[in-house]
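We did not get these values from a lab; they are worked out from the coordinates using the rules stated. Since the structure is predicted, the reported quantities are computational estimates derived from the model, not experimental observations. Cβ placement follows ideal geometry from the backbone for every residue including glycine, while neighbour counts extend to all protein chains displayed.
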Amino acid sequence: MKKRNAALIAAVIVCGLWPSAQAAFDENLNYYTLDTVYVEADATKNKFGDTLTEQAYYRTGGDVKVITREEIEKRHYVDLTDAVKRIPGITFANPGFRGGEYGSSTYANNISINGDSRVVVLVDGRRVDNITSTRYGSSAASGAKTMVNLNQLVSVDSIEKIEVIKGPGASAYGVDATGGVINIITRKGGLEDRGTIDLSTGSWGKHVYKLTYSGSAGDDHSWRYFVTANRNMSGDTKYKDGVTGANHTYNGTAYKEEGVNFRLDKEVDENHVFKLWYNHQNGHDGYPITARDWRYWNEKDWNRILQGTVDGKFGNEVNPGYRNLFSLDALSGSYNAYRHNDWELSYTFGRENDMESFVRLYHQSHYYWGVDRYPEWVDGNGNFVPFPDGKEWPDFIKNYPWTRGLEPSNVRNEKNYGVQVQYGQAIGKHDVLASITYDKASNERDSYNRRAQKMIHIESKRDTVQAYVQDKIHMTDDWDLTPALRYSHYNTGKADSADRNGNITTTYNEKVSTLTPAINTQYRFDDTMSAYLGWTKVYRPIKTSDYNTETPNGDRLRDEKGNAWTIGMRKDFTDKFGMSVNYNFTKMSNAIARYSVRLPGAADFKVKSVNAKEDKKSFNVTADYRLDDHWSFGLAYSHLNDKWKAQPGMEFDPELSLKSNSNVNARINQLRPQNHYIGNVTYENGKWYTDLLINWYTGMNTEAFTSRRALVVDWNVNYQVNKDWDAYLSVTNLTNEAYENSYWSRNGLGAMPQPGRQIMVGAKYNF
């Protein structure tokens, strides 16, 4: 198999690589060869070699990558995950299907940067998370920190750039951004009226429709507008099973998403601009939970598994094939859905040394619901659900007397709104930037409790004030020093939590304030070499539901605290070859996890939510080489490592095992690849562009994954037919690799496979 995959990759490189070039990780192209790309070239780097974007004034050094509009156009990304996954040090843990609204981080599209899931996501510099959200687990101990699904934010066509800042140098965006920041910069209209129609179709009945239109109005063209509309849909995906090696359909993975985006800018002059932005996204996806364990997919094992659940045997270890019961969700029509309506109104009233002074108002409304539509495994008379592939199933499911099977069983209504004011002023060698943000967030949740047999309503409210000031001091022409200070105030007006029996506990008026400093510096040795160093204090408040989380000693969980450092260097050896290297270290004195601990006076260990010590390390190296005007190559390597230690007076279980499903966060080194290699080859020649992306993951634990390594290859080709038309082909998972990137012991190996080989063909019309 390995030889066949290697031969296929080699054939693609030799025979398929005709078309267009850009360095794999060199996001700084300032030339555009395609008539279809309507962006204005600007300065791409400062004297330190840092990539410049609209938000660059926040940074002093750091490991930064930018995905440009040109790259998005040429590589035809369908969603944000497609774009971001090619950046070194970024990993995703998702279950292999589109949704993720299961109330657990196990079934969510979780993102981490340099192994740290404390990642802040922004749109035009504004945070898009809701601090009261519980979508990815009600407790901070669940391991999900980001709380944002990239694929549900905005359409790719509405994006001008994607700026990824790795490491604690991103602390300007929040003291909880220790992993880094993903900043999505939206497009605005140009002088001329232009539009695009982009249609593509491919494997599994997947269809993508995209429309954009932009331009200007007024005698002086001071009004700029940009409008997008999109629809993305797919049938059930196929995958290669890592356990059996066979190809299967992943039932319940079909989805449909659509949205519209609108941006209107009024330019009074270059320093005074009004902006109105509106975004609507909605989606509907299946609810498969897990893929089947095909080793036990037969009527005999089906009845054995059902009898095991009657006997209290839940989980793969005690009841092999247990996850097959969850196929009832997919086969019975369970689904999740979401609807987002967000807007922003801002006024920029100054711009000095690239620092923007502005005031903005924003409102976010995110609504999620799910229908858990499946028959009970065992009815009141003790009868088992018939085997879904048996002759009794069609009549059974057709005539089943649904009770709650048609109504939402899980509803979340998350809202937040606020105001932000920012002011920047250059004073001699000092570039001083200050901002203050007030945010008011709420989360109302209704969920069906099977024990109480009723809907349980809980809600949380939290107000936040964030104030930030930094001084970028130009010590010399070659040295910048940036001290900064953030004030954070969190006020929980109300926090509900419910136990397994539906009993509700309410906490009121929890307040906390903190000051977190940071300092970053950068030095230029010459035009080809620079280095940076940064430190920040880490502070992340617990979730509102953590107020009542059960701990070993009965005390309340404490907010996450620690320190984070980053150091890095870049060197251009020639005008065609450059390298960068960086090291990140985060030392948490108060990290939150689920861990097996010895209870006071007890003889054994029991899983509890705890505050623990955590040392998180990452190392990254990137190399870019441009051979000539046609060929470019990029290589990158990332290594991640976590180490958890008990605080004084606490004893961790020395025989911790992945088979204990509540220890997911604590065993993170075994639940992700330790090493991530990326290779990228691009070729450009005239109207042709092609790109080959290779992601190689190693160091996985075979207790959690079906293989210790995975080689995932993506390939795309773009051909400019004429000035109006482009045709393209893209193939993801070219070799049809069987792999997973998420695990839960209860479901067993291979329960969350990634999609198999998918082919998409499309055409884009420019008018």
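Magnitude of the Cβ-charge dipole of the chain, K/R +1 and D/E -1, about the Cα centre, nearest 20 debye?
Roughly 2220 debye for the chain.
Contact order normalised by length for the stretch 110-261, with contacts defined as Cα pairs under 8 Å and 6 or more residues apart; what percent is it? Let's see the in-between values first.
Numbers: 311 pairs, mean separation 28.5, N = 152.
Reported relative contact order: 19 percent.
To the nearest 0.05, what FRET efficiency results for residue 767 and residue 272 with a Förster distance of 41 Å applied to their C-beta separation?
Working from the Cβ atoms, E equals 0.80.
Are there trypsin sites (Lys or Arg not before Pro) in the stretch 402-454 that DSSP puts in a loop and that have at most 13 other Cβ atoms within 10 Å, and which ones?
Sites meeting the loop and neighbour criteria: 429, 450, 451.
Just to confirm a number: summing +1 for Lys and Arg and -1 for Asp and Glu over residues other than residue 509 whose beta-carbon lies under 13 angstrom from that of residue 509, what do you get?
With Lys, Arg at +1 and Asp, Glu at -1, the neighbours total +2.
Any idea what the dipole of the stretch 470-525 comes to, in debye rounded to 20, about its Cα centre with Lys/Arg Cβ at +1 and Asp/Glu Cβ at -1?
Details: 6 positive and 7 negative charges, 45 e Å.
Using Cβ point charges on Lys, Arg, Asp and Glu, the stretch 470-525 gives about 220 debye.
Gain in length, residue 219 to residue 685, computed as 0.36 nm per residue apart minus the alpha-carbon separation, to one decimal in nm?
Stretched out fully, the residue 219 to residue 685 stretch lengthens by 163.7 nm.
Does anyone have the angle between helix 2-11 and the longest principal axis of the chain? Alpha-carbon axes, 0 to 90°, nearest 10?
For 2-11 against the chain, the angle is about 30 degrees.
Do any of 47/275; 188/537; 398/454; 145/576; 145/256 go past 28 Å between their Cα atoms, and which?
Numbers: 47/275 31 Å; 188/537 36 Å; 398/454 25 Å; 145/576 39 Å; 145/256 26 Å.
Flagged as over cut-off: 47/275; 188/537; 145/576.
Calculated from DSSP H runs of 4 or more alone, at -39500 (n - 2.57) each and per residue, what is the 222 nm mean residue ellipticity of the chain, nearest 500?
-1500 deg cm²/dmol
Between residue 314 and residue 571, what length comes free when the chain is fully extended (0.36 nm per residue of separation minus the Cα-Cα distance, one decimal in nm)?
Contour length minus the Cα-Cα distance gives 87.0 nm.
If each residue of separation counts as 0.36 nm, what is the full-extension length gain between residue 643 and residue 479 once their alpha-carbon separation is subtracted?
Here the answer is 55.6 nm.
Which of the following values of Cα Rg over 2.2 N^0.38 Å was calculated from the structure shown: (1) 0.95; (2) 1.12; (3) 1.00?
From the options (1) 0.95; (2) 1.12; (3) 1.00, the structure gives (1).
Please name whichever of 469, 693, 435 sits farthest to the positive end of the charge dipole of the chain, dipole taken about the Cα centre and charges placed at Cβ: Lys and Arg +1, Asp and Glu -1.
Of the candidates, 693 comes out farthest on the positive side.
With only Lys, Arg, Asp and Glu charged, each at its Cβ (+1 for the first two, -1 for the last two), find how big the charge dipole of the stretch 699-755 is about the Cα centre; round to the nearest 20 debye.
For this selection, approximately 200 debye.
Pairs of alpha-carbon atoms within less than 8 angstrom and 6+ residues apart define the contacts here; what relative contact order does the chain have, in percent? Provide the component values of the computation, followed by the final result.
Details: 2136 pairs, mean separation 113.7, N = 767.
Computed over the chain, the figure is 15 percent.
For the stretch 270-372, run through the GluC sites (Glu not before Pro) and keep only the ones in DSSP coil with at most 13 other Cβ atoms within 10 Å of their Cβ.
270
Quick one: compute the contact order of the stretch 658-741, relative version, from alpha carbon pairs under 8 angstrom and 6+ residues apart, as a percent.
Relative contact order, the stretch 658-741: 24 percent.
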